[in-house]
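Asker: Quick one: structure below, then a few questions.
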Amino acid sequence: MELRKLTPYLLILPTLGWVFFVVIYPAVFNIALSFSNIRYGTEHFRFVGLNIYAYILFEEARFWHAFVNTLIWTAGNLLLQTAIGLGGALLLNQAFRGREVLRSLIILPWVIPTIVASLIWRWILEPDLGILNNLLYYFGILRGKPIVYLGSPDLAMLSVMIINTWKLAPFAIVLILAALQTIPRELYESAAIDGASALDRFRYITMPMLTPMLTFVGFIAFVWNFNAFDIIWLITEGGPGNATETLPILLFRRAFLEYRMNQAAAIATLMLLFLITISFLLLRRRRE
């Protein structure tokens, strides 16, 4: 074969090698590990079939608790981030003084490193010394005992959810705002001339034109939040108790704290299958 015909394959060979060693090989090894007896990483590989999956799915109540927490976490973040993203984009698409400055500042929470944002919010929500409770006391809203946010099983999940939304919603705002600016102004002008109200213009022009971007933002938010680990671990470590323990947190504990590598691999494989299934259904619905 001529060198000219081989050139395209040679150019993509480094990328294919990177994908194989960084994505495909670890994924295949993880799946194989989930069918083995390996716990600490030093045993000889022995095939045990579906025993690990049977134990996790039918005997491990903690897995299902983490799964429910993951669904609550993912759905809550998805709704908040999409709604705030749409509302923020509609606001920043209007003409007002200081709009350009606000557009520049809105992205700041997203670019702040997660560990920095986590430490800041842990200090803000600290019951006795945190600024939030002190402001509530100052304005007379809070008079009794201080509110415990991150240490309360009832408020911890909601608190971390709000923090995560504060950090990721700017990304949704920027994408939706970019989509808004691609809508021709002539459509709104023609609709206004025909007597369409602002609500009608939003319903029949804005939303249909934004649907592809909203679907994309929702899909990205779903995948990111379902796999979220760092912000939950840095703020609550899955606590108090296991109130904020999601599947990524449980996976981390099984692999690196309890050294049950085969169980961690099985949890990772189940997460992958769930994500593939939901992604397939979402993309199929979008195509329809």
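Asker: Which whole-Hz couplings ³J(HN,Hα) result when phi for each residue of the stretch 237-250 is put into the Karplus expression 6.51 cos²θ - 1.76 cosθ + 1.60, θ = phi - 60°, listed in order with x for Gly and Pro?
Answerer: Coupling constants for the stretch 237-250: 6, x, x, x, x, 10, 5, 10, 7, 9, 4, x, 5, 4 Hz.
Asker: Still on this structure: What number does the stretch 150-288 give for Rg over Rh if you use C-alpha atoms and the Kirkwood radius?
Answerer: Rg/Rh for the stretch 150-288 comes to 1.14.
Asker: S36's amide H: which non-local residues (gap 5+, or another chain) put their own amide H closer than 5 Å, with H modeled 1.01 Å from N in plane and none for Pro or chain starts?
Answerer: Amide H neighbours of S36: V48.
Asker: By the scheme Lys and Arg +1, Asp and Glu -1, what is the net charge of all other residues having a beta-carbon under 9 Å from that of A191?
Answerer: In short, -2.
Asker: Mean projection of the alpha-carbon convex hull of the chain over all orientations, in nm²?
Answerer: Over every viewing direction, the Cα hull of the chain projects on average to 24.5 nm².
Asker: At most 12 other Cβ atoms within 10 Å and a DSSP loop assignment: could you name the GluC sites (Glu not before Pro) in the stretch 1-105 that fit?
Answerer: The qualifying sites are E2, E43, E59.
Asker: Per residue of the stretch 202-211, in order, report the coupling 6.51 cos²θ - 1.76 cosθ + 1.60 (Karplus, θ = phi - 60°) as ³J(HN,Hα) in whole Hz, putting x for Gly and Pro.
Answerer: Once θ is set to phi - 60°, the couplings for the stretch 202-211 become 5, 6, 9, 10, 5, 5, x, 6, 8, 4 Hz.
Asker: I'd like the Karplus ³J(HN,Hα) series for the stretch 184-201: coefficients 6.51, -1.76, 1.60, θ = phi - 60°, whole numbers in Hz, and an x wherever there's a Gly or Pro.
Answerer: Coupling constants for the stretch 184-201: x, 5, 4, 5, 5, 5, 5, 5, 5, 5, 6, x, 6, 6, 4, 5, 5, 5 Hz.
Asker: Go ahead and set up a Gaussian network model of the chain, Cα springs under 10 Å, then flag whichever of V111, V101, V174 fluctuates most.
Answerer: Between V111, V101, V174, it is V101 that shows the largest mean-square fluctuation.
Asker: Expressed as a rounded percentage, what relative contact order does the chain have, with Cα pairs under 8 Å and six or more residues apart?
Answerer: Taking the mean separation of contacting Cα pairs over the length of the chain, I get 30 percent.
Asker: Something else about it: Of the trypsin sites (Lys or Arg not before Pro) in the stretch 203-288, which ones lie in a loop per DSSP and count no more than 14 other C-beta atoms within 10 Å?
Answerer: Taking the stretch 203-288 and a limit of 14 other Cβ atoms within 10 Å, no loop trypsin sites (Lys or Arg not before Pro) are found.
Values quoted throughout were computed directly from the atomic coordinates according to the rules given, and no laboratory measurement underlies them. Values in this document were obtained by computation on a predicted structure and should not be read as measured data. Positions of Cβ are generated from backbone atoms using ideal geometry, with glycine treated the same way; all protein chains shown enter the neighbour counts.
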